[in-house]
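Remarks on the structure that follows.
We did not get these values from a lab; they are worked out from the coordinates using the rules stated. As the structure is a prediction and not an experimental result, all values here were calculated from the model. Ideal geometry is used to build each Cβ from the backbone, glycine not excepted, and the neighbour counts take in all protein chains shown.
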Amino acid sequence: MKLTFSKEDEQFRAEIASWLKANLVGEFEQLKYRGGPGDEHMFSHERKVWEQKLAEGGWTCVGWPKEHGGRGASIEQQVVFFEEYARAGSPGRVGHIGEGLAGPTIIAFGSDEQKKKYLPGIVSGKELWCQGYSEPGAGSDLANVKTKARLDDSTGKWIINGQKVWTSLAHESDWCFVVARTDPDSVAHKGLGFFLVSMHQPGVTVRPIEQLTGTSEFNEVFFDDAVADDILGAPGDGWKVAMALLGFERGVSTLGQQMLFQNELDEIVRIAKNNGAAKDPVLRQRIAEAHTGLRLMRYNAMRMLSGSDDGALDKSALVYKLHWASWHRNLGVLAMDVLGPEAEMIESAPYNLTRLQSMYLFTRSDTIYGGTNQIQRNIIAERGLGMPKEAKGR
């Protein structure tokens, strides 16, 4: 897919670039290039304030329909936004789960009342969301969830009991979308519900999980008779809604991810030129391969974006997670090899890491979370190529 930009798109580019130049200063200057992979714990309060600054300028949810608070930006304009956002060194978004996942899913499946209740908080940057999918026994195999939801006949509310894990930014979030089993006798993808749950209630406990970097960007979340505010869709529709959300995850927001990758690659190239690593022909070749892989990632993302507004994507989307996870893991190794002996030194104990050191350690998890590489290959084979399903043990 060849992407071209119209005169209006270039005007849009000039508008966002000018706004970022004028606003990413003063108290926000320190946020430049912060909040990326392995760095999400940095400046959490300041980045929340930045989220609301973006909202004031009309730069949150740019691709959402105007009737829901967005700009109704075209695919081309959304590409422009992510390009300029990353080019300016803008910080990692703390509202991306709400803007890129929860919001589009609520727009696609929610009632008018639910849209009025939840969307404004996302657009304003004042309400943050987290994702309640994975569990200790249901990571890549999401259909194995054990968290249960029962309907309280006296109140008409759904009561949630169970545990979620690897819940990014749960300690900062106001809401969580939770996949739970509405039919206790159901198995696999049947009998599930998709619930919207407030994190600010007695039945919700958040416990941080310390990572290899010494930080705690994600958490365990325990639900003990927690009350769900809403169910999205009908009981039993949870799998359909959850899969649509993953379609949005593979959607245009991936372009923003790629621009952050570009910033990391640019930093590696800068260091290679400064410390002489660029003179090594093997390292030069690996840098070239990283550049090529990132361009291929972009072109495939543009092909993916021919999907519909309900989260459905064509089969080309199936390869995306496997591709970027493996590419980013290899970029982390490349960064350490370019740094040389410096890669093994830190300024002070215990975890005063540089951006690239943090990125390297974080990329160890890229091929695991969101579906392991092994699971992704099964999905490509079975759903994309129509090959026989993997044999299950009895």
Long-range amide H partners of D230, meaning residues 5 or more apart or on another chain whose placed amide H is closer than 5 Å, are L196
MRE, 222 nm, helices only [DSSP H, n ≥ 4, -39500 (n - 2.57), over the chain, to nearest 500]:
-13000 deg cm²/dmol
Quick one: pull the percentage of alpha-carbon pairs in the stretch 250-384 with a separation above 17 Å.
63
Residues V178, V227, V338 in order from fewest to most other beta-carbon atoms within 10 Å are V227, V338, V178
Sort T215, T292 by Cβ crowding within 10 Å, fewest neighbours at the top.
T292, T215
Quick one: order D152, D112, D183 by neighbouring beta-carbon count within 10 Å, fewest to most.
D112, D152, D183
Which of A73, A108, A343 moves most in a GNM of the chain, Cα contacts under 10 Å?
A343
Which one is right for this structure if Cα extents along the principal axes in Å is calculated from it: [x] 70, 52, 46; [y] 89, 63, 59; [z] 87, 69, 50?
[x]
